[in-house]
Each structure stands twice: as C-alpha cells, then as structure tokens.
Amino acid sequence: MDRKIFLLACVTGGLGVVLGAFAAHGLKPMVSISAFESFNTGIRYQMYHSFLLFFIGVSTHIKSGQKSILLKLILIGVLLFSGSIYLLATNDLTPFNFKVIGFITPVGGLFLIASWFLLFVCFLRMFFQTSY
C-alpha cells in the first residue's frame, strides 16, 4: 500500500510542478488574472495533498486499510477539485463550456475534507488507545 501512496504522491507532486511552470510561462498571458489565480489555487491544493500523501505513506500510526481509504479519498478529491479548477480556469481557451461541470469542484473539496477528517479520526483513536 505504501508503494502506491508514494507513487501517487510523486505523480501528483511532479504534475503540480509541471502545471505550475505551464501556468507561469504559457497560460498567464492567455487568461484573465482571475482565471490564472484559480488555476494556481488548483495547483496549490494538489501540492498540499501530494505532501499529505507522503506523510500518510511514512506514518506508522495509520493502519493499512485506513491508508487505502485515504489514498482513494485524496486521489478522487484532487482529480475532481483541482482538475475541475484547471478546466474552468482555461474555459475561454476551448470551444467546450466547462462551466457545466462547475458543481464538481465542491464535490472534490468534500472528498479532500473527508480525507482530513478520516486522518483526524485515525489519530484521535490512536491517542485514546494509548492513553489508557
């Protein structure tokens, strides 16, 4: 399980760097300031969750089953949250109107929030089990 988590962390982190470079050097002159800032928000959240995946992978306090659920929540969350932001921010550059998928962004955010909540529950249980 840890191997999958580390690989996903590397892929999402590396892709975040690539998208950041693309945004700074190619996208910036092509979109509005608001769209550029939105695109960067997607990158920022993607990178935050790449680091979270690394943390989950190295943690010995999280059970394998919990890691599996966290991996899925974070992957779906990043794809829906950051992915939809990327599409919405570049909407003016394509003939397809990505505004119809705007509802996906908060759904992705809920997956990311759920991953943090599950992590909180994992540690809360651990603290209460070791305090007795």
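Rounded to the nearest 10 degrees, the angle from helix 104-130 to the longest Cα principal axis of the chain is 20 degrees. Placing unit charges on the Cβ atoms only, positive for Lys and Arg and negative for Asp and Glu, gives the range 24-132 a dipole magnitude near 320 debye about its Cα centre.
Hey, quick one: spin label on GLN129, modelled 7 Å out along Cα-Cβ, who in the range 52-68 has an amide N within reach, i.e. under 11 Å? 61-66, by backbone N distance to the label point. Using θ = phi - 60° in the Karplus curve 6.51 cos²θ - 1.76 cosθ + 1.60, the 3J(HN,Hα) couplings for the range 21-33 round to 5, 4, 4, 5, 9, x, 7, 3, x, 9, 10, 5, 4 Hz; x is entered for Gly and Pro. A helix-only calculation puts the chain at -27000 deg cm²/dmol for mean residue ellipticity at 222 nm, using -39500 (n - 2.57) for each DSSP H run of at least four residues, averaged over all residues. Straight-line cross-link partners of LYS4 among the lysines, defined as a Cα under 25 Å from its Cα and at least 8 positions apart when in the same chain: LYS63, LYS67, LYS72.
When a 1.4 Å probe is rolled over the protein heavy atoms, the share of accessible surface on the chain that falls to carbon and sulfur comes to 73 percent. Across the options ILE5, LEU87, ALA114, the greatest Cα extent toward the positive end of the charge dipole of the range 3-132 (unit charges at beta carbon of Lys, Arg, Asp, Glu) belongs to ILE5.
Working from label points 7 Å from Cα in the Cα-to-Cβ sense, the VAL121 to PHE6 distance is 2.8 nm. Rolling a 1.4 angstrom probe over the protein heavy atoms with all chains in place gives the chain an accessible area of 60 Å² per residue.
The values are calculated or read from the model by the stated rules, or taken from the named source; none is laboratory data. None of these values were measured; they are calculated from a predicted model. In this analysis, Cβ positions are derived from the backbone assuming ideal geometry, glycine residues included, and neighbour counts consider all displayed protein chains. Each accessible area value is taken on the protein alone, full model and side chains, heavy atoms only, with ligands, DNA and RNA left out. Shrake-Rupley method; radii C 1.70, N 1.55, O 1.52, S 1.80 Å.
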